[in-house]
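Everything on this sheet refers to the single structure shown next.
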Amino acid sequence: MTPAVSPLRAVNDFVVKFANVNGSGSASANELFAKAILRMGVPVSPRNIFPSNIQGLPTWYEVRVTERGWLGRRGGVDLMVAMNPQTWDADIAEIEPGGYLFHDGSKPLPKSKFRDDITVIAVPLTELCNAAWEDPRQRQLFKNIMYVGALSALLDMDVATLEALVAEQYRGKEKLLPPNLKALHLGRDWALQNLACPIGLTVRRADAVGDRIFVEGNAAAALGCVYGGATVCAWYPITPSSSLAEAFQKYCQKYRVDEAGNARFAILQAEDEIASIGMVVGAGWNGARAFTATSGPGISLMNEFIGLAYFAEIPATIINVQRGGPSTGMPTRTQQSDVLACAYASHGDTRHVLLFPEDPHECFAFSAAALDLADRLQTPVFVMTDLDIGMNQRLCAPFEWGESRRYDRGKVMTAGDLESGREFARYKDVDGDGIPWRTWPGTHPDKGAYFTRGTSRNPQAQYSERGPDYVYNMERLLKKFDNAKSLVPQPVIVQSGPPARHGVIFYGSTSPAMAEAIELLAGQGIALDTLRVRAYPFPDTVRDFIEAHARVFVVEQNRDGQLRTLLVNEFDMDPARLVAVLHYDGTPITARFIAGAIADALAQSAAAAKTAQMENVA
Amino acid sequence: MTYLAKPRLHHPTLACNAIGFTRRDYEGKISTLCAGCGHDSISAAIIQACWELDIEPHRVAKLSGIGCSSKTPDYFLGQAHGFNTVHGRMPSVLTGANLANRELIYLGVSGDGDSASIGIGQFVHAIRRGVNMTYIVENNGVYGLTKGQFSATADQGSVSKKGVVNADSPLDMVTMALQLGATYVGRGFSGDKKQLVPLIKGALNHRGAAFLDVISPCVAFNNHAGSTRSYDWVREHNAAVNRLDVMPARAQIVADYAPGDTIDVEQHDGGVLRLHKLDAAWDPRDRIAALNLVQQRQARGELVTGLLFVDPQARDLHGHLGTVQQPLNTLSERELCPGTTALAKINTALR
Ligand SMILES: Cc1ncc(C[n+]2csc(CCOP(=O)(O)OP(=O)(O)O)c2C)c(N)n1
Ligand code: SF4
Ligand SMILES: [Mg+2]
């Protein structure tokens, strides 16, 4: 078919989307495709779009090929690999005009099933597979790798790179290597012989990846917990956080088993999230570094314990891989909608430390940092990641660890300290930073024992319902929280050049889309300074940034502008200074969306200013 | 450097145990419970048991939920760390604490509301996991602290102080503990210290999930006619099956309990009938028999008290998880952090 619109042409800058059936074995083939491009030195940014289902429902894998390194979701599809008849119509409709459709041409389809403004590429995958294999399971499985082979010809990809990757994948299972390579070449050879290769979209070897690594945020956070010295992990399965606890198990098995085969870790799959946070609190109270990984509904269940840990001052690290809420919401889609639920979690007056990693590199760093901060501040610390970072492989800076780095276990009095006659008063501010000293159970026969409770007490940890005792404690907790401002990761400020009139605040997984949006806007003559919030409590630089700009856009992936609310509340600030830019349909935010929303808002206010001026004149 | 316990100077007439402590050294703050509350008698039994076992008080970690019963850890073992957690969730906190340091003795104290109502899930799963602990439920059939509402262990037909009749069937925590795989299960009565102290000692010595249901009348809300947990009622219905002299060595709990040994049985009138082991179709190492016995007696309106079941070979949660002997909370960067060379390799593998 010759399309009515001229076919798209692009080198190292396009979007391929795979439409598959969940459980058909496509995931590893799709990953192979993405990784091969990466190995050719061209950055990619893949995203899984999957249903809350194990087998049978549609699933998509979207790969943005981007030599410029824009790792946010772009939106739109240039090449659709349509392997799922169920979603055919919607998939076809999503292709950009001039785009390409790749499909299994074994069975002819009526013309009405296609569009006339796209290029249709049909490869008889089923036919080829049936001719090559007997076993129905193999026929299904090898279809996946076969389309990767065909795509390699169509996109002019380096076949040696693909072969090397397949060999890596089956290292140790060499028996499986030949049939996989056979399938790869069957697809590739058929395309080379029967189709005009390459098409308008091509991959060209480049040098734009550098030393970056390609990893999921959940695995990175789990590794951060291993490096950060977590010994106790208690969790309850919930998408999108489960793979974090599973990765922790995997890494511990590798790095935390002693010579005799004993585990230097304890992982418990609890009966629910109340129990998992309870276990973390118990372990933290008893001096072990402990964490849990969960998502929104789990946070809701943990609330009572979070308040106890805040008030009784017990270290706890909570990794919240956010998903769409409220309730079960969109369990397999991404959002940043637990900001307020975590910042003020539990009844009574509470405030909690939140860290906002932007990518797997920071998932690793912040998880380890959270364990230090929790011990230092003796309080729950949240690592606020999300599904977009957590469950997708993301290109990021390699993990870093200082050889001489030591864990900060915070203010813990040892038996020696107690023996030396140092005063111990569990809830007394002796150092002026609001952080008291603690002892671990079993430390000393007759010094340093105290009773931990969620009820009010005096500085000596004795039960007290006296107003002044309660107020002393609550004020001290506030002082401690204020102190945290200088301990948490500081915001990242990027000046556009000469001080811009407007600024943007964003956080977490919005990062890659934001970087690209800033460039799009600069192309339209709109200059913006940016501040990436990396933690709550907000350091004073955040306030300074807002005050230095006429207006500041706050870009978030939730409906209610939760970070904006937190900023207004914490800085007691005029809400009009902060303009919400909100994206919350469950898909990752795009540069196109951000740039469009900001450009529109600025155009509108410019128009409004003009009208006001004219009215003044009249 | 080790720090040995230094007993304070004592009145010469106070008896010392093998490590030089008097019973005083095992006491805590003055109780704030109602005078005559059964819970205080249980605290006294805990003190006695720890003293007799020569336990260093600071090697015990006391954990509880919320309720009158859960307040009591403040009233014993003043030199031990205690944790009054949240309502019904002591088991998870105790589990986490136990994971952090397997060397301490874990004593969980709870109420029937705490463990059989709001916290039944955590009770169930902590027992299933075989957490090495002594789990005591101070069972009065009511919510004492919130002023007398029924708990899930209240007997059907029992009447509250306000005249409400309980229509729901009761939970029996002993039966549940047996079914859930607890490796030491007993029932005691707060008013019968002679039986209770050895029961607690055996539980403290047991390596695994030890569960004790201790009937503990609430003088404020459960000691009136119509209640089924008042002292008089319980005394009448008490059927003590056995009385063990617990041996301190961990695995030895039932070692002396060979056929031919004598077992005391408390009668309805409070007197003691001495039973011969062979005489009863009863073996404390037989879980099924224990379950049957509890059910049969229950059908007769009687509460079986005593040590119902023990598995001397029990394994605990650390055994299941294969954790190192050294407490996890003492491991440092050296044992925990894989280091920069390993990280460089990880980075390479992710390219
Ligand atoms: C989440 C929560 N709900 C309710 C309460 C109120 N509350 C405190 S103690 C208690 C019942 C305690 O009963 P039980 O465990 O039997 O202890 P007792 O006082 O009878 O010894 C309740 C309902 C609470 N503290 N927390
Ligand atoms: S209310 Fe009942 S359970 Fe509570 S202290 Fe008084 S007697 Fe004991
Ligand atoms: Mg009760």
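The values are calculated or read from the model by the stated rules, or taken from the named source; none is laboratory data. Since we're looking at a predicted model, the values are computed, not measured. Positions of Cβ are backbone-derived with ideal geometry, glycine not excepted, and every protein chain shown enters the neighbour counts. In case anyone asks, the SASA skips ligands and DNA or RNA and just uses the protein heavy atoms, side chains included. Shrake-Rupley method; radii C 1.70, N 1.55, O 1.52, S 1.80 Å.
In the stretch A:353-360, is there at least one residue being under 14 Å from the mean Cα position of the chain (by Cα) and within 12 Å of chain B (Cβ to nearest Cβ)? Quick ask: steps written out before the conclusion?
Initially, the stretch A:353-360 is screened for residues under 14 Å from the mean Cα position of the chain (by Cα), giving A:355-360.
Filter once more, keeping what is within 12 Å of chain B (Cβ to nearest Cβ): A:360.
The answer is yes, given that some residue of the stretch A:353-360 is under 14 Å from the mean Cα position of the chain (by Cα) and within 12 Å of chain B (Cβ to nearest Cβ).
List pairs: first residue in the stretch B:58-77 and within 12 Å of ligand 1 (Cβ to nearest atom), second residue small (G, A, S) and open to solvent by 10 Å² or more (accessible area, probe 1.4 Å) anywhere in the structure, Cβ distance under 8 angstrom, at least six positions apart or on different chains. Going by the 8 Å Cβ cut-off, the qualifying pairs are B:G67/B:G144; B:C68/B:G144; B:S69/B:G144; B:T72/B:S31. Residues that are assigned to a loop (DSSP other than H, G, I, E, B) and in contact (Cβ under 8 Å) with a residue 60 or more places away in the chain were ranked within the stretch B:177-208; the one that is surrounded by the most Cβ atoms within 10 Å (Cβ to Cβ) is B:A182. Within the stretch A:257-313, being in a strand (DSSP E or B) and in contact (Cβ under 8 Å) with a residue 60 or more places away in the chain holds for A:A290, A:F291, A:A293. Might you check whether a residue that is of a type outside the set (D, E, K, R), over 25 Å from A:R476 (Cα atoms) and open to solvent by less than 10 Å² (accessible area, probe 1.4 Å) occurs anywhere in the stretch A:337-345? For the stretch A:337-345, residues of a type outside the set (D, E, K, R), over 25 Å from A:R476 (Cα atoms) and open to solvent by less than 10 Å² (accessible area, probe 1.4 Å): absent.
Screening A:G278 on (1) touching a Phe, Trp or Tyr at 6+ places or on another chain (Cβ under 9 Å); (2) surrounded by fewer than 24 Cβ atoms within 10 Å (Cβ to Cβ); (3) facing chain B (nearest Cβ under 10 Å) shows it passes everything except condition (2).
Going residue by residue through the stretch A:453-470, is there one that turns out to be open to solvent by 30 Å² or more (accessible area, probe 1.4 Å), more than 9 Å from every other protein chain (Cβ to nearest Cβ), in a loop (DSSP other than H, G, I, E, B) and touching a residue at least 24 places away in the same chain (Cβ under 8 Å)? Within the stretch A:453-470, one or more residues are open to solvent by 30 Å² or more (accessible area, probe 1.4 Å), more than 9 Å from every other protein chain (Cβ to nearest Cβ), in a loop (DSSP other than H, G, I, E, B) and touching a residue at least 24 places away in the same chain (Cβ under 8 Å).
Residues in the stretch B:283-317 that are in a loop (DSSP other than H, G, I, E, B), over 24 Å from B:N132 (Cα atoms) and touching a strand residue (DSSP E or B) at 6+ places or on another chain (Cβ under 9 Å): 2 in all.
Residues that are away from every other protein chain (no Cβ under 14 Å), within 9 Å of ligand 1 (Cβ to nearest atom) and in contact (Cβ under 8 Å) with a residue 40 or more places away in the chain were ranked within the stretch B:136-146; the one that is most open to solvent (accessible area, probe 1.4 Å) is B:Y143. When A:A484 is tested against (1) open to solvent by 20 Å² or more (accessible area, probe 1.4 Å); (2) more than 28 Å from B:R89 (Cα to Cα), only condition (1) is not met.
Working carefully through the options B:I120, B:I105, find the one that is within 16 Å of ligand 3 (Cβ to nearest atom), open to solvent by 20 Å² or more (accessible area, probe 1.4 Å) and within 14 Å of chain A (Cβ to nearest Cβ). So that I can check it myself, show each step before the final result.
Numbers: B:I105 fails: within 16 Å of ligand 3 (Cβ to nearest atom).
None of the others qualify; the one that does is B:I120.
Yes/no matrix, rows are residues, columns are (1) open to solvent by less than 30 Å² (accessible area, probe 1.4 Å); (2) within 14 Å of chain A (Cβ to nearest Cβ):
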| position | (1), (2) |
| --- | --- |
| B:A290 | yes, no |
| B:V294 | yes, no |
| B:A299 | no, no |
| B:L307 | yes, no |
| B:D316 | yes, yes |
| B:H320 | no, yes |
| B:T323 | yes, yes |
| B:T330 | no, yes |
| B:E333 | no, yes |
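Hey, does the stretch A:194-208 have a residue that's under 22 Å from the mean Cα position of the chain (by Cα) and within 14 Å of chain B (Cβ to nearest Cβ)? No, there is no match, as no residue in the stretch A:194-208 is under 22 Å from the mean Cα position of the chain (by Cα) and within 14 Å of chain B (Cβ to nearest Cβ). Counting just the residues of the stretch A:401-420 that are facing chain B (nearest Cβ under 8 Å), in contact (Cβ under 8 Å) with a residue 24 or more places away in the chain and not small (G, A, S), which one comes out farthest from A:A245 (Cα to Cα)? Among those residues, the one meeting the criterion is A:E419.
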